[in-house]
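The values are calculated or read from the model by the stated rules, or taken from the named source; none is laboratory data. Everything numeric here is computed off the predicted structure, so don't read it as measured data. When we count neighbours, we look across all protein chains shown, and the Cβ atoms used for this are built from the backbone with ideal geometry, even at glycine. The accessibility values were calculated without ligands, DNA or RNA, using every heavy atom of the protein model including side chains. Shrake-Rupley method; radii C 1.70, N 1.55, O 1.52, S 1.80 Å.
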Amino acid sequence: MAMPTMVFINLPVDDLPRSTAFYEALGWSLNPMFSDANASCIVVSDTIYVMLLTHEFFGSFIPDHAVADARAAIGAQYALSCDSREDVDALVARAVEAGGTPFEPRDLGFMYSRAFQDPDGHYWDPFWMDPAAAEQGPPAE
C-alpha cells in the first residue's frame, strides 16, 4: 500500500528557537526526531509538515541562489483549509498572540480567509470554504 503524499514546507528563519515557539503556539507540534540546531520539524497534520531551517542550512540545499527575505518580498502564500470561520479566526488570533502580523479578513460568502505573517515574514492564509462550494464551485454572480 502506498503512503499518502506528504507536503513539507521548508522555510528559512532568522532565529530557530523563536520560530519554533511561534509555530508551537499555533497549536502545531515539534517532531524532535527530525529537529536539531539547524532545523525544527513542525507537524501541522498527518500529511503536512513545516521545516524551519536556519538561513545557512536552508541555503546549503540550493548553493547557487540567495536566500530570500520574506519580509521584503512575498514569493509564496501558504493556504491551509480550516473546518470553520471560527477556526480561521482562532488560528490567526494564536498567530498574533505569538508575534505574527494579521491582515484583514476576506469574506466572499462561500469562502472566508484571514492571512498572517510569521516573525520571518512568511505569509500564511488560513481559509474556510462552504462545503457546497468546494464540491460545485463558487456560486454564480
In segment 117-141, residue modelled with the lowest pLDDT [restricted to those that are of a type outside the set (Asp, Glu) and in a strand (DSSP E or B)]:
MET129
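To keep it simple, each residue is scored yes or no on (1) part of a helix (DSSP H, G or I); (2) in contact (Cβ under 8 Å) with a residue 60 or more places away in the chain; (3) over 19 Å from PRO126 (Cα atoms).
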position: MET3; (1), (2), (3): no, no, yes
position: PRO12; (1), (2), (3): no, yes, yes
position: ILE42; (1), (2), (3): no, no, no
position: MET51; (1), (2), (3): no, no, no
position: PHE58; (1), (2), (3): yes, no, yes
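Here is a yes/no grid of residues against (1) at pLDDT 95 or above; (2) surrounded by 10 or more Cβ atoms within 10 Å (Cβ to Cβ); (3) in contact with a helix residue (DSSP H, G or I) (Cβ under 8 Å, 6 or more places away or on another chain):
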residue: PHE34; (1), (2), (3): yes, yes, no
residue: VAL44; (1), (2), (3): yes, yes, no
residue: THR54; (1), (2), (3): yes, yes, yes
residue: ASP64; (1), (2), (3): no, no, no
residue: ALA73; (1), (2), (3): no, no, no
So in segment 90-108, with the set limited to residues that are out of contact with any Phe, Trp or Tyr (no Cβ under 8 Å at 6 or more places or on another chain) and loosely packed, with under 14 Cβ neighbours inside 10 Å, which one is nearest to GLY27 (Cα to Cα)?
GLU97
So, in segment 1-32, of the ones that are aromatic (Phe, Trp, Tyr) and within 21 Å of HIS55 (Cα to Cα), which residue ends up surrounded by the fewest Cβ atoms within 10 Å (Cβ to Cβ)?
PHE8
Counted residues in segment 31-47 being hydrophobic (A, V, I, L, M, F, W, C) and under 14 Å from PRO17 (Cβ atoms) come to 3
Open to solvent by less than 40 Å² (accessible area, probe 1.4 Å), in contact with a helix residue (DSSP H, G or I) (Cβ under 9 Å, 6 or more places away or on another chain) and in a strand (DSSP E or B) - does that describe any residue in segment 80-89?
yes
Whether any residue in segment 130-138 is surrounded by 12 or more Cβ atoms within 10 Å (Cβ to Cβ), at negative phi and within 18 Å of the chain's Cα centre (by Cα) is what I want to check.
no
